[in-house]
Each structure stands twice: as C-alpha cells, then as structure tokens.
1. What is the Rg over Rh value, at two decimals, for the range 217-274, using alpha-carbon atoms and the Kirkwood definition of Rh?
2. Using the crude model of +1 on Lys and Arg Cβ and -1 on Asp and Glu Cβ, and no other charge, please compute the dipole size for the range 93-167 relative to its Cα centre, in debye to 20.
3. For labels at Y13 and N285 in the simple 7 Å Cα→Cβ model, what's the distance in nm?
4. Mind checking the full-extension length gain between N351 and D158? Use 0.36 nm per residue of separation minus the Cα-Cα distance, one decimal, nm.
5. Among bridges DSSP assigns within the chain, what percent are antiparallel (round to 5)?
6. Keeping all protein chains in position, work out how much accessible area F262 exposes to a 1.4 Å probe, and write it in Å² to the nearest 10.
7. Roughly how many percent of the accessible protein surface of the chain is carbon and sulfur, given a 1.4 Å probe and a whole-percent answer?
8. Mind listing the Cα extents of the range 207-334 along all three principal axes, in Å, largest one first?
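The values are calculated or read from the model by the stated rules, or taken from the named source; none is laboratory data. Being a predicted model, the structure only gives us computed values, none of them experimental. Using ideal geometry, Cβ is built from the backbone for each residue, glycine included, and neighbour counts are taken over all protein chains shown. Accessible surface is based on the protein model in full, side chains and every heavy atom, while ligands, DNA and RNA are left aside. Shrake-Rupley method; radii C 1.70, N 1.55, O 1.52, S 1.80 Å.
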Amino acid sequence: MNYLDDFTLFGNYEKASSFIDGLKKGNFLFSFVISYTKTCEIPGLTLAGENTELLKFTPPADAEYLYYGSCKTVKKIPMTPDGKPTPALLTKSALESSSIPHIVVNAGSMISPKLPYMSSEMTHGMDISKEPAMSDSQVYGAMDYGRIVGRTLASLTDCLVIGESIPGGTTTALAVLRGLGFKARVSSSMPENPVALKNRIVNTALERLSSSDPYEVVAKVGDPMLAFVTGMLSSASMTTKVMLAGGTQMAAVLGLGSKLGFNEKNTILGTTSYILDDQSANLKNLISEISDIPAIAVNPGLEDSTFPGLKAYSEGFVKEGVGAGGAIISSMIKSGYGSGYFMDIVQKEYNRVYSLDRH
C-alpha cells in the first residue's frame, strides 16, 4: 500500500501535494519543544499525567523516552493505568524507523530533562484562569530566542519538523486563537472533550484583553511554547521547509504567525487523522481561515492494532502529541513505507514498553 493512501490533504491541496514531492529525497530534522503552563493543573482539563503533581514531569519524560526508550525523571514511561501510551511512542517509532535525527529544546518546562538539550532559560506559563500567562518582556524574549533557534536548526536540514509537549496546551491555544479573532473549536486528549470547562477558562482569560494585538494576546492568555515556536517558524521558514507537527496548538502558532509574519510557501501542518476526525474541533476550517498553507493528516492505522491501548487512539483518546503526526508523515515520505509497516514497528515498541511498565 502506498503511503499516500494514508494521507488526507487539506488546506491548500495543491501546495500539500507539491510539498510532499519536494521532500521525497530530502533530509528531516525533528525538534521537540517542551514547556509548561500552570493552566493544566485545573482539575478535569487534561489526560496527560496521572495526577496534577505528575503533570510537570510529562514533557521531560517524553523527551527522555525519545532518546533512551526509558525515562530518568520518572520511573515509568508516561502511560495511563489502563495502558494508553504517550504519543511519544508513535514519534519514537517513526523517527527511528527512518533514521530521522531529533533535538530537544526546553522552552519553559518546569522540570529539565536528563539529557543534552537546547536551553532557552525561559520560565513556565501561569494559570490563565487566574492571571496573565507571561509578562510582555517574557513574550518578546521567547520569540527572540525562538527566532535564533529556528534560524540555527533550519540551516541543518531540508525540512525542520517542530513538535511539542505542554500539558493543557489546547486550552491556552484556544484562548489565543479566539483572542486573535479566529472562530476556533479545539481538540482534547480525552474522547469527551471538556468543552464547557475550556470555554469557561478561556472566557475568563479573554476578559483581561484590551486589544487583539498578538503580543498582548499571547502574554495574557497564551503559554511559552506558543511564543517560542512562533519565533522558530518566522525565521526557519525563511530558510527551509517547516512542518508544524500537531493540531490545535500548531494552529495557534499559525494564527500568531499570520499576524507577525512567516513564509507561507515553506510551511505545512502535519497531524494525525484522529484530530481531523474530532467532531468537537474544527481544524480543517480553522486552517483555511488562518492561512493559505497546506496541511496533511496521516492515518497511522491504529484501529487495526491488537493492543487496546494503541487502538484507543482511533477511538478518541490522546489523538496527537509530541509531534506524532508530523513525525509519522516525515517518516513515510522519507522511507516510502505506509501504515502497515509503521504499525508493525509501533506494536513491537508498545509490547516492549508495556512489559517494562508491568515490572
């Protein structure tokens, strides 16, 4: 089966097809940006982490797992008690199966990962239901640092893939998108999206805005990752192709980028089909409203998995994260293999991880 059969192209369809053709013989570099917003500590908001105390360990644990296949800051690989794994499992399988290198960037994570990483020395974001996410100076600093990192990494590759890990980030993304004037509905890591709770938080946060100025919006209702990755996009897209790997949060980066400037010709969004299938979100319409960029959704084929924990992704759990969709798309373009090949690798890795988790 051709890997193109696993892709759904949306946004600017012609540009998406051309983007794929231009990368068939190119090199990819995966950058993984970890961050934190205290918004995630609001009960009922996210599935990431078994409890609010563990949430701050999720981004560094994901980063460590990508490198080591195990974690250092926590004892076990992030996985729900009933066996639903971190999307980092999909990302790791994709990157390793196609020999795509990756680098970790700390852009406001509360806990630093125990591995080599690029540091921005940024602080975490605050709970937007109670106070501004960041100061104006923090936002300007985050975007400046993002531009430096984006320019540097772009010089090393034909396509810079940018993924993220920030628990609760879909809520801050929703606030930013609405603060910028976009008609956004966003996805969730849970099958029953806590829409009412998210809207309540966002509406409270938006009351402190005095304008739709993008710097004010991200400072008052956003998070450090959004500011940093927007900076990365603005500089990297001037030099090389950039794939924003994710759904809702990368749509918010696009929203900020559309106000502050980036090279649309070199930019694409890559995500999983599970985000596109989410009826509580509107990613397809949102991308078209924001910009004329192309987008790709990949079906990893997890509905055919023999493991309930993996199959759960196709049933509405987790759906995306750690740049999984973009990593899978990049892997398939580089290797030429489709979802059947990818599924075999993912299931072997899941079996290994699940066995570790039980010991």
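1. Working: Rg = 11.0 Å, Rh = 11.5 Å.
Rg/Rh: 0.96.
2. On the way: 4 positive and 8 negative charges, 25 e Å.
Roughly 120 debye, rounded to the nearest 20.
3. That separation, rounded to one decimal, is 1.9 nm.
4. Fully extending the segment from N351 to D158 adds 66.1 nm.
5. Antiparallel bridges: around 20 percent, rounded to the nearest 5.
6. Its heavy atoms expose roughly 30 Å² to the probe.
7. Carbon plus sulfur share of accessible area: 50 percent.
8. Taking the Cα atoms of the range 207-334, the three principal extents are 50, 37, 24 Å.
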